[in-house]
Amino acid sequence: NGKKRIYFNNPMWPGEAHSLQVESILFKGKSEYQEVVVFESTTYGKVLVLDGIVQLTEKDECAYQEMITHLPLCSIPSPKTVLVVGGGDGGVLSEISRHNSVEHMDICEIDKMVIDVSKEFFPDLAIGFEDPRVHLHIGDAVEFLRRAPRGKYDAIIVDSSDPVGPAQELVEKPFFEAIAKALKPGGVLCNMAESMWLHTHLIEDMISICREIFKGSVHYAWGSVPTYPSGVIGFLLCSTEGPPVDFKNPINPIEKLDGAAKHKRDLKFYNSEIHSAAFALPSFLRKEVKAL
Ligand code: AAT
């Protein structure tokens, strides 16, 4: 039909590429950290691409952002202080906004260009920054967490890119140690944890590291995101020593929230049944990831 396609391939998923048909390129820029592209696709709405990797599309961002936010926040009784690592599009912030109990959100995003681009092209997500509870920090999350006060956060959400480029250190032990230190007793971490079809080794490594560091519990959950490689994405959920956290049975169910959010977006993917189901793991994963 004469339309151009963009092919996404990367050493993170050798031997395969997926592609999306392009209506028009809306933005192309190079920041200090990465190449930033926004285009209008034919079937997934606008798409944000960093260094040739799809970060979100308008059609399916809801699945990822709702899961990475509500899996942790609905697992603890009354989250008050939350840190987001990465997440410069604002989508996770706008999901956190739904929680009335939250008093303070810090966000540490390394790349200001992602924030600016989101404000221009993804205003429904960037609205997250307008919540008065949000405190924006532009910088490297490794550095930010090194300086974070001990026991400050009820929850930390790591919405970061794949571990190539600026997010390399975000899967290493010192980073997880810093996270555990910054969490309250019984505080929770939810970390983007790749695809079980593509990255069992990476998942295994992350889980083994976290089992050493997080003395509460460590679990793996997953959800469907069609435009991420292999169509699924995982989440690593950990809690620190303290009041026990039963991740599989949300104590703070989303259905009971009044919604402090200024936006009136309905949840499109997450609900309490999906929450519990997300922890059911395929047999091959249980077998391959010994640490599970
Ligand atoms: N919600 C969109 C999904 C993302 S965005 C990941 C963000 O993490 C990017 O904006 C990137 O600039 C930021 N980031 C990367 N490294 C760091 C760092 N060291 N400190 C702070 N922020 C960082 C993730 C999509 C996952 C895709 C899965 N294939």
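The values are calculated or read from the model by the stated rules, or taken from the named source; none is laboratory data. The structure presented is a predicted model; accordingly, all values stated were derived computationally and were not measured. All Cβ positions, glycine included, derive from the backbone under ideal geometry; neighbour counts span all protein chains shown. Heads up: the accessible areas ignore ligands, DNA and RNA and are worked out on the full protein's heavy atoms, side chains in. Shrake-Rupley method; radii C 1.70, N 1.55, O 1.52, S 1.80 Å.
A few comments on the model shown:
- D205 accessible area, assembled protein chains, probe 1.4 Å, Å²: 90
- Phi angles across segment 6-13 convert, under the Karplus curve 6.51 cos²θ - 1.76 cosθ + 1.60 with θ = phi - 60°, into 3J(HN,Hα) values of 9, 9, 9, 10, 6, x, 5, 9 Hz, Gly and Pro given as x.
- Distance in nm between pseudo-label sites at N10 and R211 (7 Å out along the Cβ direction from Cα): 2.7
- Note, ³J(HN,Hα) from phi for segment 38-43, Karplus 6.51, -1.76, 1.60, rounded to Hz, x at Gly and Pro: 10, 9, 8, 8, 6, 10
- Between the alpha-carbon centres of segment 233-248 and segment 27-70 there is a gap of 27 Å.
- Of the peptides 104-113, 263-272, 226-235, 29-38, the order by per-residue mean of other Cβ atoms within 10 Å, starting with the highest, comes out as 104-113, 226-235, 29-38, 263-272.
- Put simply, the amide H of L56, placed in the peptide plane, has neighbours under 5 Å in L48, leaving out anything fewer than 5 places away on its chain.
- Integer Hz, Karplus 6.51/-1.76/1.60 couplings in order for segment 265-270, x for Gly and Pro: 5, 6, 5, 10, 10, 6
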